[in-house]
1. If amide H atoms are built 1.01 Å from N in the plane of the peptide, which residues on other chains or at least 5 residues away come under 5 Å of the amide H of Ser135?
2. Report the calculated FRET efficiency for Ala172 and Leu91 (r = Cβ-Cβ distance, R0 = 22 Å), to the nearest 0.05.
3. Scan around Gly192 for amide H atoms under 5 Å from its own, H built in the peptide plane at 1.01 Å from N, and keep only partners 5 or more places away or cross-chain.
4. How do 52-61, 279-288, 182-191, 209-218 rank on mean C-beta neighbours within 10 Å, highest first?
5. Applying the Karplus parametrisation 6.51 cos²θ - 1.76 cosθ + 1.60 with θ = phi - 60° to the phi angles of region 230-245, what ³J(HN,Hα) value in whole Hz is obtained for each residue in order, glycine and proline being reported as x?
6. Suppose all protein chains stay in the model; what accessible area per residue would a 1.4 Å probe give for region 118-247, in Å²?
7. For region 171-186, in order, what is each residue's ³J(HN,Hα) by Karplus, 6.51 cos²θ - 1.76 cosθ + 1.60 with θ = phi - 60°, in whole Hz (x at glycine and Pro)?
8. Determine the sum of side-chain charges near Glu278: Lys and Arg each +1, Asp and Glu each -1, restricted to other residues whose C-beta is under 14 angstrom from that of Glu278.
Amino acid sequence: MVTTSVGDMTSAFAFRAKNLSLKTEMQRLSTELTTGQTTDIAKKFSGNLSLVSGIDTSLARIKGYTAQTQEAGLFTATMQAGLQTIDSLALQLRQSLMTVSAGSGTAQLSGVGGEAQQIFQSTISALNVAVGGRSLFGGVETAIVPVAGSQSILTALDAATAGATSVQDVIAAVSNWFQDPAGFATQAYNGGAPLEPVTIAPGETANLDITAKDPAITETLTGIALAALLGRGLFSAQPDLRRSLAEAAGTHLLQSQSHRLELSARLGVTESQISAAETRNSSEESALQIARNDLTSVDPYSTATKLQETQTQLETIYALTARMSHLSLLDYL
């Protein structure tokens, strides 16, 4: 009778291969037991991944909308803060103008003129606010500072009002400069056209079309600039005209307040729309993720049983290997 035996080297390789296979299987089962999710989706669905792929596609789309709404929400919140700052500055200046317009001396008028110049500068800074390197009030031109510096604008207004002999002339010149396409829009506004609507959910867009050229903003700038010209020496030798100009500036800021509030309310509607879309997107993302987890989940009891069986096999391999490693010729003599 012929006896076929397996050599020691062959046995060692066989044990090593089995050992590696069992270790890999233990790692896989341990991961699945810990996470509750299969590590081999293709095997679980016998290669038919259409359902899981469909969910993954929907998840990717919703995550894209989520990123859009988060960015749009940050932009609108920052713009709203800017508009509120501008309104507060305008109201502060109006209060100062009301206290000096009647019976005030030269020093008081010069003082409020200096305050107006500072407020004009702060207002321009609020319009030049940026988030993540993107300007908010410059429309499509997000990479540049949308409004020129306050001093360059006031210098242009000095030239526009040169030779004016009455408060009405000054008001007309300043108002025309801010409204004329060849004035503020060309000489001071560096931005572009309003942004296109931003998609925030399937079939839904939000308008972020407010720029520094919005009439509510330019009207406010007009009122602040009228007062700022007092600080630049306009009608310096005519106190009565300076008081009249201060009163006119205060009136202009009062009349433009309703437009500022309307602009802020319009932006507030957009903020609410974005917030609602973000909530819906988040809910849909959660539902899709739950559905995917349900599809790719594993039975914890079955997995634990298989893990125990694999561990037993691995321990058996270790025991056999240890036993064979101690064999010697003396054991057979």
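1. Amide H neighbours of Ser135, under 5 Å, 5+ apart: Ala143, Ile144.
2. 0.35
3. Answer set, sorted by chain and number: Gly139, Val140, Glu141.
4. Peptide ranking by packing, descending: 209-218, 182-191, 279-288, 52-61.
5. My calculation for region 230-245 gives 5, x, 9, x, 5, 6, 4, 9, 10, x, 5, 5, 5, 5, 5, 5 Hz in order.
6. Solvent-accessible surface per residue comes out at 41 Å².
7. 3J(HN,Hα) across region 171-186, in whole Hz: 4, 5, 5, 5, 4, 4, 4, 6, 9, 5, x, 8, x, 4, 4, 9.
8. Summing Lys and Arg as +1 and Asp and Glu as -1 gives -3.
The values are calculated or read from the model by the stated rules, or taken from the named source; none is laboratory data. Keep in mind the model is a prediction, meaning the values are calculated, not measured. Ideal geometry is used to build each Cβ from the backbone, glycine not excepted, and the neighbour counts take in all protein chains shown. Heavy atoms of the whole protein, side chains included, go into the accessibility calculation; ligands, DNA and RNA do not. Shrake-Rupley method; radii C 1.70, N 1.55, O 1.52, S 1.80 Å.
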